[in-house]
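Heads up: the structure comes next, in C-alpha coordinates.
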Amino acid sequence: MPLVAGVDSSTQSCKVVVRDAETGALVRQGRAPHPAGTEVEPAAWWNALRAAVAEAGGLADVAAVSVGGQQHGMVCLDEAGEVVRPALLWNDTRSADAARELVAEAGGGETGRRFWAEATGAVPVASFTATKLRWLARHEPANADRVAAVCLPHDWLTWRLAGAPGLDALRTDRGDASGTGYWSPRTGEYRLDLLEQAFGRRPRVPVVLGPAEAAGQLDPAALGDGPTADGPVGGAGSGAAGRVLLGPGTGDNAAAALGVGAGPGDVVVSIGTSGTVFAVADTPAADAAGAVAGFADATGRFLPLVCTLNAARVLDAAATMLGVDLDTLGELALSAPAGADGLVLVPYLEGERTPDRPHATGELRGLTLGTSTPAHLARAAVEGMLCGLADGLDALLAQGARADRIILVGGGARSAAVRRIAPQVFGRPVVVPPPGEYVADGAARQAAWVALGGDAPPAWSIGDTEEYAAEPVPAIRERYARARG
Ligand SMILES: Nc1ncnc2c1ncn2[C@@H]1O[C@H](COP(=O)(O)OP(=O)(O)O)[C@@H](O)[C@H]1O
Ligand SMILES: O=C(CO)[C@@H](O)[C@H](O)COP(=O)(O)O
(Lines give C-alpha, C1' and ligand atoms only; values in the text may rest on other atoms or scores of the structure.)
(Ligands and ions follow the chains in the order given, each with its own letter.)
Protein backbone atom coordinates (compact mmCIF):
# COMPACT_ATOMS: atom_id res chain seq x y z
CA MET A 1 0.00 0.00 0.00
CA PRO A 2 2.08 3.00 -1.19
CA LEU A 3 1.26 6.20 0.66
CA VAL A 4 1.33 9.75 -0.68
CA ALA A 5 1.08 13.15 1.00
CA GLY A 6 -0.61 16.37 -0.02
CA VAL A 7 -0.05 19.81 1.45
CA ASP A 8 -2.41 22.80 1.38
CA SER A 9 -0.41 25.92 2.22
CA SER A 10 -3.35 28.33 2.07
CA THR A 11 -3.87 31.80 3.42
CA GLN A 12 -4.86 30.96 6.98
CA SER A 13 -3.17 27.63 7.61
CA CYS A 14 -1.17 24.67 6.38
CA LYS A 15 -2.87 21.27 6.18
CA VAL A 16 -1.24 17.95 5.39
CA VAL A 17 -2.97 14.69 4.49
CA VAL A 18 -1.39 11.27 4.03
CA ARG A 19 -3.45 8.95 1.85
CA ASP A 20 -3.27 5.53 0.24
CA ALA A 21 -2.04 6.21 -3.30
CA GLU A 22 -4.27 3.63 -4.94
CA THR A 23 -7.56 3.99 -3.04
CA GLY A 24 -7.26 7.51 -1.68
CA ALA A 25 -8.14 6.34 1.85
CA LEU A 26 -7.12 8.86 4.52
CA VAL A 27 -4.36 7.51 6.74
CA ARG A 28 -3.36 10.51 8.86
CA GLN A 29 -3.36 14.31 8.80
CA GLY A 30 -2.01 17.45 10.48
CA ARG A 31 -2.40 21.22 10.41
CA ALA A 32 -0.76 24.39 11.69
CA PRO A 33 -1.81 28.05 11.52
CA HIS A 34 -0.29 30.80 9.38
CA PRO A 35 0.24 34.34 10.63
CA ALA A 36 -2.39 36.98 9.81
CA GLY A 37 -1.72 39.76 7.32
CA THR A 38 -1.34 40.25 3.60
CA GLU A 39 2.46 40.33 3.79
CA VAL A 40 4.06 37.24 5.29
CA GLU A 41 7.59 35.91 5.81
CA PRO A 42 7.79 32.67 3.77
CA ALA A 43 9.71 31.14 6.69
CA ALA A 44 6.39 31.17 8.59
CA TRP A 45 4.86 28.93 5.89
CA TRP A 46 7.86 26.64 6.10
CA ASN A 47 7.59 26.35 9.87
CA ALA A 48 3.84 25.71 9.61
CA LEU A 49 4.47 23.06 6.95
CA ARG A 50 7.02 21.32 9.15
CA ALA A 51 4.69 21.43 12.14
CA ALA A 52 1.75 20.11 10.09
CA VAL A 53 3.93 17.35 8.61
CA ALA A 54 5.11 16.40 12.10
CA GLU A 55 1.50 16.25 13.31
CA ALA A 56 0.69 14.07 10.30
CA GLY A 57 3.36 11.59 11.37
CA GLY A 58 6.12 12.66 8.98
CA LEU A 59 6.87 11.78 5.38
CA ALA A 60 9.34 8.96 5.92
CA ASP A 61 6.96 6.33 4.55
CA VAL A 62 5.40 8.20 1.61
CA ALA A 63 6.28 7.62 -2.04
CA ALA A 64 5.57 11.19 -3.14
CA VAL A 65 4.42 14.54 -1.80
CA SER A 66 2.90 17.55 -3.61
CA VAL A 67 2.24 21.06 -2.39
CA GLY A 68 -0.90 23.03 -3.22
CA GLY A 69 -0.58 26.67 -2.27
CA GLN A 70 -2.33 30.03 -2.20
CA GLN A 71 -1.92 31.51 -5.68
CA HIS A 72 -0.11 34.63 -6.90
CA GLY A 73 2.00 35.48 -3.80
CA MET A 74 5.29 37.20 -4.73
CA VAL A 75 8.30 35.36 -3.28
CA CYS A 76 11.52 37.11 -4.29
CA LEU A 77 14.89 35.40 -3.83
CA ASP A 78 18.39 36.84 -4.06
CA GLU A 79 21.34 35.17 -5.77
CA ALA A 80 22.06 33.14 -2.62
CA GLY A 81 18.46 31.89 -2.45
CA GLU A 82 17.57 34.09 0.53
CA VAL A 83 14.11 35.69 0.64
CA VAL A 84 14.47 39.39 -0.22
CA ARG A 85 11.39 40.70 1.64
CA PRO A 86 8.18 39.28 3.09
CA ALA A 87 5.91 37.85 0.39
CA LEU A 88 3.01 39.99 -0.80
CA LEU A 89 -0.08 37.78 -0.83
CA TRP A 90 -2.90 37.47 -3.35
CA ASN A 91 -5.15 39.62 -1.13
CA ASP A 92 -2.68 42.48 -0.74
CA THR A 93 -4.11 45.39 -2.71
CA ARG A 94 -1.19 47.84 -2.62
CA SER A 95 -0.38 47.05 -6.26
CA ALA A 96 -3.80 48.21 -7.56
CA ASP A 97 -2.25 51.26 -9.25
CA ALA A 98 0.43 49.04 -10.79
CA ALA A 99 -2.34 46.88 -12.28
CA ARG A 100 -3.96 49.97 -13.81
CA GLU A 101 -0.59 51.11 -15.21
CA LEU A 102 -0.02 47.76 -16.90
CA VAL A 103 -3.44 47.91 -18.57
CA ALA A 104 -2.83 51.53 -19.61
CA GLU A 105 0.57 50.63 -21.11
CA ALA A 106 -1.17 48.05 -23.31
CA GLY A 107 -3.46 50.69 -24.79
CA GLY A 108 -5.81 51.22 -21.84
CA GLY A 109 -9.56 50.53 -21.56
CA GLU A 110 -10.99 47.69 -23.60
CA THR A 111 -7.85 47.53 -25.79
CA GLY A 112 -5.53 47.13 -22.80
CA ARG A 113 -7.76 44.62 -21.08
CA ARG A 114 -8.15 42.56 -24.24
CA PHE A 115 -4.37 42.56 -24.76
CA TRP A 116 -3.71 41.10 -21.31
CA ALA A 117 -6.63 38.65 -21.45
CA GLU A 118 -5.36 37.27 -24.75
CA ALA A 119 -1.68 37.30 -23.74
CA THR A 120 -1.97 35.83 -20.24
CA GLY A 121 -5.57 34.68 -19.84
CA ALA A 122 -6.44 37.42 -17.34
CA VAL A 123 -6.69 41.19 -16.98
CA PRO A 124 -4.21 42.35 -14.31
CA VAL A 125 -5.62 43.14 -10.88
CA ALA A 126 -3.71 43.74 -7.65
CA SER A 127 -3.71 40.01 -6.86
CA PHE A 128 -1.44 38.97 -9.72
CA THR A 129 2.31 38.56 -9.23
CA ALA A 130 3.23 40.84 -12.16
CA THR A 131 1.56 43.81 -10.49
CA LYS A 132 3.35 43.11 -7.22
CA LEU A 133 6.68 43.09 -9.07
CA ARG A 134 5.83 46.44 -10.62
CA TRP A 135 5.01 47.77 -7.14
CA LEU A 136 8.35 46.48 -5.82
CA ALA A 137 10.30 48.08 -8.67
CA ARG A 138 8.60 51.44 -8.04
CA HIS A 139 8.51 51.50 -4.23
CA GLU A 140 11.46 49.43 -3.04
CA PRO A 141 14.17 49.78 -5.69
CA ALA A 142 16.91 48.48 -3.39
CA ASN A 143 14.96 45.29 -2.75
CA ALA A 144 14.08 45.05 -6.44
CA ASP A 145 17.78 45.23 -7.34
CA ARG A 146 18.49 42.20 -5.13
CA VAL A 147 15.91 39.98 -6.82
CA ALA A 148 17.57 37.14 -8.73
CA ALA A 149 14.50 34.88 -8.98
CA VAL A 150 10.77 35.21 -8.41
CA CYS A 151 8.47 32.32 -7.57
CA LEU A 152 5.15 31.51 -5.90
CA PRO A 153 4.41 30.15 -2.42
CA HIS A 154 4.01 26.53 -3.57
CA ASP A 155 7.11 26.73 -5.78
CA TRP A 156 9.18 27.96 -2.84
CA LEU A 157 7.90 25.28 -0.46
CA THR A 158 8.57 22.52 -3.01
CA TRP A 159 12.08 23.92 -3.47
CA ARG A 160 12.62 23.95 0.31
CA LEU A 161 11.47 20.33 0.51
CA ALA A 162 14.11 19.55 -2.13
CA GLY A 163 16.70 21.11 0.18
CA ALA A 164 16.81 24.53 -1.54
CA PRO A 165 19.33 23.27 -4.09
CA GLY A 166 19.97 26.52 -6.05
CA LEU A 167 17.79 28.86 -8.08
CA ASP A 168 17.99 26.72 -11.22
CA ALA A 169 16.10 23.98 -9.35
CA LEU A 170 12.94 26.09 -8.87
CA ARG A 171 9.92 24.33 -10.34
CA THR A 172 6.26 25.22 -10.81
CA ASP A 173 3.26 23.90 -12.75
CA ARG A 174 0.83 25.27 -15.33
CA GLY A 175 -1.89 25.95 -12.78
CA ASP A 176 0.12 28.28 -10.59
CA ALA A 177 2.19 29.76 -13.45
CA SER A 178 -1.09 30.91 -14.99
CA GLY A 179 -1.70 33.27 -12.08
CA THR A 180 1.53 35.21 -12.46
CA GLY A 181 0.56 37.57 -15.29
CA TYR A 182 3.63 36.53 -17.29
CA TRP A 183 2.71 33.05 -18.51
CA SER A 184 0.28 32.19 -21.29
CA PRO A 185 -2.19 29.33 -20.71
CA ARG A 186 -2.93 29.38 -24.44
CA THR A 187 0.66 28.72 -25.57
CA GLY A 188 2.04 27.14 -22.40
CA GLU A 189 5.00 29.54 -22.53
CA TYR A 190 6.30 32.29 -20.29
CA ARG A 191 5.85 35.85 -21.53
CA LEU A 192 9.18 37.11 -20.28
CA ASP A 193 8.62 40.30 -22.26
CA LEU A 194 5.67 41.03 -19.95
CA LEU A 195 7.71 40.12 -16.88
CA GLU A 196 10.28 42.66 -18.08
CA GLN A 197 7.58 45.21 -18.75
CA ALA A 198 6.27 44.81 -15.22
CA PHE A 199 9.59 44.64 -13.39
CA GLY A 200 12.09 46.32 -15.69
CA ARG A 201 14.20 43.20 -16.17
CA ARG A 202 13.92 39.41 -16.27
CA PRO A 203 14.72 37.63 -13.02
CA ARG A 204 14.84 33.84 -13.10
CA VAL A 205 11.49 32.04 -12.98
CA PRO A 206 10.73 28.40 -12.16
CA VAL A 207 10.67 25.74 -14.87
CA VAL A 208 7.03 24.82 -15.61
CA LEU A 209 6.46 21.07 -15.23
CA GLY A 210 3.79 18.88 -16.77
CA PRO A 211 0.91 17.67 -14.56
CA ALA A 212 2.58 14.44 -13.37
CA GLU A 213 6.22 15.38 -13.79
CA ALA A 214 8.41 15.08 -10.69
CA ALA A 215 10.02 18.26 -9.35
CA GLY A 216 12.85 16.28 -7.78
CA GLN A 217 13.18 14.41 -4.52
CA LEU A 218 12.59 15.26 -0.88
CA ASP A 219 15.84 16.08 0.87
CA PRO A 220 15.64 13.90 4.00
CA ALA A 221 17.44 16.62 5.98
CA ALA A 222 15.00 19.36 4.96
CA LEU A 223 12.26 18.45 7.43
CA GLY A 224 14.48 17.40 10.29
CA ASP A 225 16.71 19.36 12.58
CA GLY A 226 19.47 19.39 9.98
CA PRO A 227 21.28 22.38 8.55
CA THR A 228 18.45 23.43 6.23
CA ALA A 229 15.80 23.57 8.97
CA ASP A 230 14.40 26.86 10.28
CA GLY A 231 12.85 27.20 13.71
CA PRO A 232 11.28 24.63 15.96
CA VAL A 233 9.44 21.56 14.74
CA GLY A 234 8.00 18.52 16.41
CA GLY A 235 10.84 16.26 15.32
CA ALA A 236 8.97 13.76 13.17
CA GLY A 237 9.21 13.87 9.43
CA SER A 238 12.90 13.48 8.82
CA GLY A 239 14.92 10.50 7.77
CA ALA A 240 13.06 9.24 4.71
CA ALA A 241 14.34 5.72 4.25
CA GLY A 242 13.61 5.54 0.53
CA ARG A 243 13.23 8.04 -2.25
CA VAL A 244 10.32 10.46 -1.79
CA LEU A 245 9.34 12.10 -5.07
CA LEU A 246 8.22 15.72 -5.15
CA GLY A 247 5.19 16.40 -7.33
CA PRO A 248 4.98 19.63 -9.32
CA GLY A 249 2.35 20.97 -6.91
CA THR A 250 -0.14 23.62 -8.05
CA GLY A 251 -2.30 26.55 -6.97
CA ASP A 252 -4.86 25.82 -4.28
CA ASN A 253 -7.88 26.14 -6.56
CA ALA A 254 -6.45 23.79 -9.20
CA ALA A 255 -5.65 21.39 -6.35
CA ALA A 256 -9.23 21.63 -5.05
CA ALA A 257 -10.55 20.78 -8.54
CA LEU A 258 -8.38 17.66 -8.47
CA GLY A 259 -9.40 16.93 -4.88
CA VAL A 260 -13.13 16.89 -5.61
CA GLY A 261 -12.63 15.25 -9.00
CA ALA A 262 -14.35 18.12 -10.84
CA GLY A 263 -15.44 17.05 -14.32
CA PRO A 264 -17.45 18.46 -17.23
CA GLY A 265 -20.55 20.31 -16.00
CA ASP A 266 -19.19 20.81 -12.47
CA VAL A 267 -18.71 24.26 -10.98
CA VAL A 268 -16.76 24.37 -7.73
CA VAL A 269 -17.55 27.16 -5.25
CA SER A 270 -14.86 27.41 -2.59
CA ILE A 271 -15.49 29.52 0.51
CA GLY A 272 -12.12 30.01 2.17
CA THR A 273 -10.34 33.28 2.84
CA SER A 274 -11.05 33.90 -0.84
CA GLY A 275 -14.31 33.03 -2.46
CA THR A 276 -13.73 31.24 -5.75
CA VAL A 277 -16.02 29.91 -8.46
CA PHE A 278 -14.37 27.77 -11.10
CA ALA A 279 -14.77 24.98 -13.62
CA VAL A 280 -12.47 22.61 -15.49
CA ALA A 281 -12.51 23.46 -19.22
CA ASP A 282 -10.96 22.07 -22.41
CA THR A 283 -10.20 25.49 -23.86
CA PRO A 284 -8.56 28.57 -22.30
CA ALA A 285 -10.70 31.56 -21.31
CA ALA A 286 -9.83 35.18 -22.14
CA ASP A 287 -12.39 37.49 -20.52
CA ALA A 288 -11.53 41.08 -21.44
CA ALA A 289 -14.14 42.29 -18.93
CA GLY A 290 -11.78 40.94 -16.29
CA ALA A 291 -14.23 39.01 -14.09
CA VAL A 292 -13.06 35.54 -15.15
CA ALA A 293 -9.37 34.69 -14.90
CA GLY A 294 -8.41 32.17 -17.56
CA PHE A 295 -6.11 29.97 -15.49
CA ALA A 296 -4.72 26.54 -16.36
CA ASP A 297 -5.56 23.50 -14.23
CA ALA A 298 -3.47 20.68 -12.79
CA THR A 299 -4.40 18.03 -15.37
CA GLY A 300 -3.35 19.70 -18.61
CA ARG A 301 -6.66 21.46 -19.11
CA PHE A 302 -7.90 24.92 -18.06
CA LEU A 303 -9.54 26.48 -15.02
CA PRO A 304 -11.64 29.60 -15.70
CA LEU A 305 -12.07 31.14 -12.26
CA VAL A 306 -13.70 34.10 -10.52
CA CYS A 307 -12.21 35.15 -7.18
CA THR A 308 -13.56 37.48 -4.51
CA LEU A 309 -11.48 38.80 -1.63
CA ASN A 310 -14.35 38.53 0.83
CA ALA A 311 -15.64 35.10 1.76
CA ALA A 312 -15.27 33.10 5.01
CA ARG A 313 -13.83 36.08 6.85
CA VAL A 314 -17.07 37.99 6.29
CA LEU A 315 -18.64 35.37 8.53
CA ASP A 316 -15.75 35.70 11.00
CA ALA A 317 -16.26 39.49 11.03
CA ALA A 318 -20.02 39.20 11.52
CA ALA A 319 -19.51 36.74 14.37
CA THR A 320 -17.04 39.16 15.99
CA MET A 321 -19.46 42.08 15.60
CA LEU A 322 -22.20 40.06 17.24
CA GLY A 323 -19.92 38.59 19.91
CA VAL A 324 -20.88 35.00 19.00
CA ASP A 325 -19.14 31.92 17.62
CA LEU A 326 -19.60 30.72 14.04
CA ASP A 327 -22.17 28.08 14.92
CA THR A 328 -24.31 30.66 16.72
CA LEU A 329 -23.92 33.03 13.80
CA GLY A 330 -25.29 30.32 11.53
CA GLU A 331 -28.22 29.62 13.86
CA LEU A 332 -29.02 33.33 14.00
CA ALA A 333 -28.87 33.60 10.20
CA LEU A 334 -31.26 30.70 9.77
CA SER A 335 -33.66 32.20 12.30
CA ALA A 336 -34.13 35.36 10.17
CA PRO A 337 -36.35 35.42 7.07
CA ALA A 338 -34.80 34.93 3.62
CA GLY A 339 -33.75 38.38 2.43
CA ALA A 340 -33.33 39.63 6.02
CA ASP A 341 -36.34 41.93 5.54
CA GLY A 342 -34.27 44.06 3.18
CA LEU A 343 -31.06 44.33 5.22
CA VAL A 344 -28.15 44.01 2.76
CA LEU A 345 -24.46 43.67 3.54
CA VAL A 346 -22.11 44.54 0.67
CA PRO A 347 -19.14 42.67 2.12
CA TYR A 348 -16.12 44.50 0.70
CA LEU A 349 -14.25 44.27 4.01
CA GLU A 350 -10.86 43.82 2.32
CA GLY A 351 -11.56 45.96 -0.74
CA GLU A 352 -12.67 43.76 -3.65
CA ARG A 353 -11.12 42.05 -6.62
CA THR A 354 -14.26 41.00 -8.52
CA PRO A 355 -15.60 43.55 -9.20
CA ASP A 356 -12.24 45.38 -9.30
CA ARG A 357 -12.69 47.79 -6.39
CA PRO A 358 -9.46 47.43 -4.42
CA HIS A 359 -10.17 50.39 -2.15
CA ALA A 360 -13.86 49.69 -1.46
CA THR A 361 -15.19 49.14 2.06
CA GLY A 362 -18.23 47.22 3.26
CA GLU A 363 -21.71 48.73 3.49
CA LEU A 364 -24.86 47.87 5.36
CA ARG A 365 -28.13 49.01 3.74
CA GLY A 366 -31.72 48.75 4.82
CA LEU A 367 -31.33 49.29 8.55
CA THR A 368 -34.65 49.88 10.30
CA LEU A 369 -35.79 49.25 13.83
CA GLY A 370 -37.12 45.94 12.58
CA THR A 371 -33.86 44.82 10.91
CA SER A 372 -31.59 45.98 13.76
CA THR A 373 -31.32 42.50 15.26
CA PRO A 374 -28.45 40.03 15.51
CA ALA A 375 -30.43 37.55 13.39
CA HIS A 376 -30.92 40.03 10.54
CA LEU A 377 -27.25 41.02 10.57
CA ALA A 378 -26.15 37.38 10.57
CA ARG A 379 -28.46 36.61 7.65
CA ALA A 380 -27.30 39.68 5.71
CA ALA A 381 -23.67 38.62 6.19
CA VAL A 382 -24.27 35.12 4.81
CA GLU A 383 -26.43 36.40 1.96
CA GLY A 384 -24.06 39.24 1.02
CA MET A 385 -21.07 36.92 0.91
CA LEU A 386 -23.02 34.44 -1.24
CA CYS A 387 -24.26 37.20 -3.57
CA GLY A 388 -20.65 38.07 -4.43
CA LEU A 389 -20.14 34.43 -5.38
CA ALA A 390 -23.43 34.31 -7.32
CA ASP A 391 -22.18 37.25 -9.42
CA GLY A 392 -19.06 35.16 -10.02
CA LEU A 393 -21.17 32.21 -11.11
CA ASP A 394 -22.99 34.42 -13.64
CA ALA A 395 -19.67 35.63 -15.04
CA LEU A 396 -18.39 32.05 -15.35
CA LEU A 397 -21.57 30.92 -17.12
CA ALA A 398 -21.29 33.91 -19.47
CA GLN A 399 -17.87 32.54 -20.47
CA GLY A 400 -19.50 29.28 -21.55
CA ALA A 401 -19.17 27.15 -18.39
CA ARG A 402 -21.92 24.64 -17.64
CA ALA A 403 -23.25 24.31 -14.11
CA ASP A 404 -24.99 20.93 -14.01
CA ARG A 405 -23.68 20.54 -10.47
CA ILE A 406 -22.39 23.13 -7.99
CA ILE A 407 -19.92 21.69 -5.49
CA LEU A 408 -19.46 23.70 -2.29
CA VAL A 409 -16.11 23.35 -0.48
CA GLY A 410 -13.77 25.36 1.79
CA GLY A 411 -13.98 26.24 5.47
CA GLY A 412 -17.18 28.26 4.96
CA ALA A 413 -18.97 25.17 3.62
CA ARG A 414 -18.83 23.79 7.17
CA SER A 415 -21.54 26.31 8.03
CA ALA A 416 -25.06 24.83 7.90
CA ALA A 417 -26.41 28.31 7.22
CA VAL A 418 -24.16 28.72 4.17
CA ARG A 419 -25.17 25.31 2.85
CA ARG A 420 -28.88 26.02 3.27
CA ILE A 421 -28.92 29.63 2.08
CA ALA A 422 -26.64 29.03 -0.94
CA PRO A 423 -29.39 27.42 -3.12
CA GLN A 424 -31.75 30.33 -2.37
CA VAL A 425 -29.12 32.80 -3.58
CA PHE A 426 -27.65 30.78 -6.47
CA GLY A 427 -31.09 29.70 -7.67
CA ARG A 428 -29.80 26.12 -8.01
CA PRO A 429 -29.13 23.20 -5.67
CA VAL A 430 -25.63 22.74 -4.28
CA VAL A 431 -23.85 19.52 -3.38
CA VAL A 432 -21.50 19.34 -0.42
CA PRO A 433 -18.89 16.61 -0.11
CA PRO A 434 -18.07 15.28 3.36
CA PRO A 435 -16.08 17.87 5.39
CA GLY A 436 -12.46 17.57 4.34
CA GLU A 437 -9.35 19.26 3.06
CA TYR A 438 -9.89 19.16 -0.67
CA VAL A 439 -6.85 21.24 -1.61
CA ALA A 440 -4.53 18.95 0.35
CA ASP A 441 -6.42 15.97 -1.08
CA GLY A 442 -5.92 17.26 -4.62
CA ALA A 443 -2.23 17.71 -3.95
CA ALA A 444 -2.10 14.15 -2.59
CA ARG A 445 -3.90 12.86 -5.69
CA GLN A 446 -1.35 14.64 -7.85
CA ALA A 447 1.44 13.03 -5.78
CA ALA A 448 -0.22 9.63 -6.37
CA TRP A 449 -0.25 10.33 -10.10
CA VAL A 450 3.46 11.14 -9.98
CA ALA A 451 4.19 8.01 -7.93
CA LEU A 452 2.00 5.57 -9.89
CA GLY A 453 2.40 7.07 -13.39
CA GLY A 454 -0.23 6.69 -16.11
CA ASP A 455 -2.17 9.10 -18.28
CA ALA A 456 -4.53 10.31 -15.56
CA PRO A 457 -4.58 10.66 -11.78
CA PRO A 458 -5.85 7.58 -9.91
CA ALA A 459 -9.64 7.46 -9.52
CA TRP A 460 -10.37 8.33 -5.89
CA SER A 461 -13.88 8.63 -4.50
CA ILE A 462 -14.84 11.70 -2.45
CA GLY A 463 -17.54 9.75 -0.61
CA ASP A 464 -21.21 10.55 -0.35
CA THR A 465 -22.19 14.12 -1.15
CA GLU A 466 -25.22 15.81 0.40
CA GLU A 467 -27.52 17.86 -1.80
CA TYR A 468 -29.09 21.09 -0.54
CA ALA A 469 -32.04 22.43 -2.53
CA ALA A 470 -34.35 25.38 -1.82
CA GLU A 471 -36.78 27.69 -3.57
CA PRO A 472 -34.75 30.49 -5.20
CA VAL A 473 -35.31 33.94 -3.65
CA PRO A 474 -34.44 36.37 -6.50
CA ALA A 475 -35.15 39.43 -4.30
CA ILE A 476 -31.94 38.75 -2.37
CA ARG A 477 -29.76 39.27 -5.44
CA GLU A 478 -31.88 42.13 -6.81
CA ARG A 479 -31.48 44.14 -3.61
CA TYR A 480 -27.80 43.23 -3.41
CA ALA A 481 -27.23 44.38 -7.02
CA ARG A 482 -28.80 47.76 -6.22
CA ALA A 483 -26.71 48.15 -3.07
CA ARG A 484 -23.35 47.25 -4.63
CA GLY A 485 -24.03 49.47 -7.67
N1 LIG B 1 -18.35 25.95 11.08
C2 LIG B 1 -17.94 27.01 10.36
N3 LIG B 1 -18.83 27.98 10.02
C4 LIG B 1 -18.43 29.03 9.26
N5 LIG B 1 -17.17 29.22 8.85
C6 LIG B 1 -16.26 28.30 9.19
C7 LIG B 1 -16.57 27.15 9.95
N8 LIG B 1 -15.44 26.42 10.10
C9 LIG B 1 -14.45 27.11 9.48
N10 LIG B 1 -14.94 28.24 8.94
C11 LIG B 1 -14.20 29.30 8.21
O12 LIG B 1 -13.30 28.76 7.33
C13 LIG B 1 -12.28 29.72 7.10
C14 LIG B 1 -11.02 29.01 6.72
O15 LIG B 1 -11.31 28.26 5.58
P16 LIG B 1 -10.16 27.60 4.72
O17 LIG B 1 -10.82 27.03 3.50
O18 LIG B 1 -9.36 26.70 5.57
O19 LIG B 1 -9.32 28.91 4.35
P20 LIG B 1 -7.96 29.09 3.57
O21 LIG B 1 -7.87 27.90 2.64
O22 LIG B 1 -8.14 30.38 2.85
O23 LIG B 1 -6.84 29.16 4.56
C24 LIG B 1 -12.18 30.57 8.35
O25 LIG B 1 -12.24 31.95 8.01
C26 LIG B 1 -13.37 30.12 9.18
O27 LIG B 1 -14.15 31.19 9.59
O1 LIG C 1 -6.17 34.47 -5.48
C2 LIG C 1 -6.81 33.44 -5.44
C3 LIG C 1 -7.29 32.80 -6.69
O4 LIG C 1 -6.99 33.55 -7.85
C5 LIG C 1 -7.12 32.81 -4.12
O6 LIG C 1 -8.07 31.79 -4.25
C7 LIG C 1 -5.86 32.32 -3.46
O8 LIG C 1 -5.39 31.18 -4.17
C9 LIG C 1 -6.02 32.06 -1.98
O10 LIG C 1 -6.86 31.00 -1.70
P11 LIG C 1 -7.43 30.58 -0.26
O12 LIG C 1 -6.31 30.66 0.71
O13 LIG C 1 -8.57 31.46 0.05
O14 LIG C 1 -7.86 29.15 -0.47
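The values are calculated or read from the model by the stated rules, or taken from the named source; none is laboratory data. None of these values were measured; they are calculated from a predicted model. Glycine gets a Cβ as well: all are built from the backbone with ideal geometry, and neighbour counts include every protein chain shown. SASA here: full protein model, heavy atoms, side chains in, ligands and nucleic acids out. Shrake-Rupley method; radii C 1.70, N 1.55, O 1.52, S 1.80 Å.
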Residue-normalised accessible area of the chain, given per residue in Å² at a 1.4 Å probe: 35 Å²
Rounded to whole Hz, the Karplus (6.51, -1.76, 1.60) HN-Hα couplings of segment 89-97, x for glycine and proline: 7, 4, 9, 8, 9, 5, 9, 4, 5
Just to check I understand the Karplus step: with θ = phi - 60° and J = 6.51 cos²θ - 1.76 cosθ + 1.60, what whole-Hz values come out for segment 363-368, glycine and proline as x? 9, 10, 10, x, 6, 9
First measure r as the distance between the Cβ atoms of Glu110 and Arg28, then evaluate 1/(1 + (r/R0)^6) with R0 = 30 Å and state the FRET efficiency to the nearest 0.05. 0.05
Stokes-Einstein D for segment 340-482, Kirkwood Rh over Cα pairs, 20 °C, 1.002 mPa s (µm²/s): 125 µm²/s
Rounded to the nearest 10 degrees, the helix 109-120 long axis (Cα) sits at an angle to the longest Cα principal axis of the chain of 40 degrees
Would you grab the residues whose amide H sits under 5 Å from the one on Trp183? Only those 5+ places off in sequence or on another chain, please, with H modelled 1.01 Å from N. Arg191
Segments 83-94, 450-461 sorted - mean Cβ within 10 Å per residue, highest first: 83-94, 450-461
Quick numbers on segment 20-73, Rg and Dmax over C-alpha atoms in Å, give 13.1, 38
With all distinct Cα pairs included, what does the Kirkwood hydrodynamic radius of segment 161-228 come out to in Å, to one decimal, could you say? 13.6 Å
So between Leu192 and Asp61, what do we pick up on full extension, going 0.36 nm a residue minus the alpha carbon distance? 43.2 nm
Quick check: the distance between the Cα centres of segment 122-172 and segment 428-485, to the nearest angstrom? 29 Å
Please compute the modelled spin-label separation between Leu364 and Ala43, points set 7 Å along Cα→Cβ, answer in nm with one decimal. 4.1 nm
Mean separation of Cα contacts under 8 Å (6+ apart) over length of the chain, as relative contact order %: 18 percent
Work out from phi, with θ = phi - 60° and the Karplus expression 6.51 cos²θ - 1.76 cosθ + 1.60, the ³J(HN,Hα) of each residue of segment 128-133, listed in order in whole Hz, and give x for Gly and Pro. 6, 4, 4, 6, 5, 5
Tell me, what are the semi-axes, in whole angstrom and largest first, of the equivalent ellipsoid of segment 376-421 as set by the roots of 5 times the Cα gyration tensor eigenvalues? 22, 13, 7
Descending packing, highest mean Cβ count within 10 Å first, for 245-254, 2-11 is 245-254, 2-11
P(r) tail for segment 80-147, what percent of Cα pairs lie past 17 Å? 45 percent
What FRET efficiency would be calculated for the residue pair Ala221, Met1, taking the C-beta separation as r and a Förster radius of 30 Å, to the nearest 0.05? 0.65
So how compact is segment 1-122: Cα radius of gyration and Dmax in angstrom? 18.9, 57
Work out how much length Glu478 to Glu331 would gain on full extension: take 0.36 nm times their residue separation and subtract the Cα-Cα distance, in nm to one decimal. 50.5 nm
Can you tell me the alpha carbon radius of gyration of segment 281-364 divided by the globular rule-of-thumb value 2.2 N^0.38 Å? 1.43
Once you treat every alpha carbon in the chain as an equal point and sum by Debye, what is log10 I(q)/I(0) at q = 0.10, 0.11, 0.12, 0.13 Å⁻¹? -0.70, -0.85, -1.01, -1.19
To the nearest Å, what is the center-to-center distance of segment 277-329 and segment 386-419, using C-alpha atoms only? 8 Å
So for R0 = 30 Å, FRET eff. of Ala459-Ala148 from the Cβ-Cβ r, to 0.05, ends up at 0.10
Got a number for carbon plus sulfur as a percent of the chain's accessible area, 1.4 Å probe? 51 percent
Amide H contacts under 5 Å for Arg28, restricted to residues at least 5 apart in sequence or on another chain and with H modeled in the peptide plane, are Val18
Helical mean residue ellipticity (222 nm; -39500 (n - 2.57) per DSSP H run of 4+; nearest 500) of the chain: -10500 deg cm²/dmol
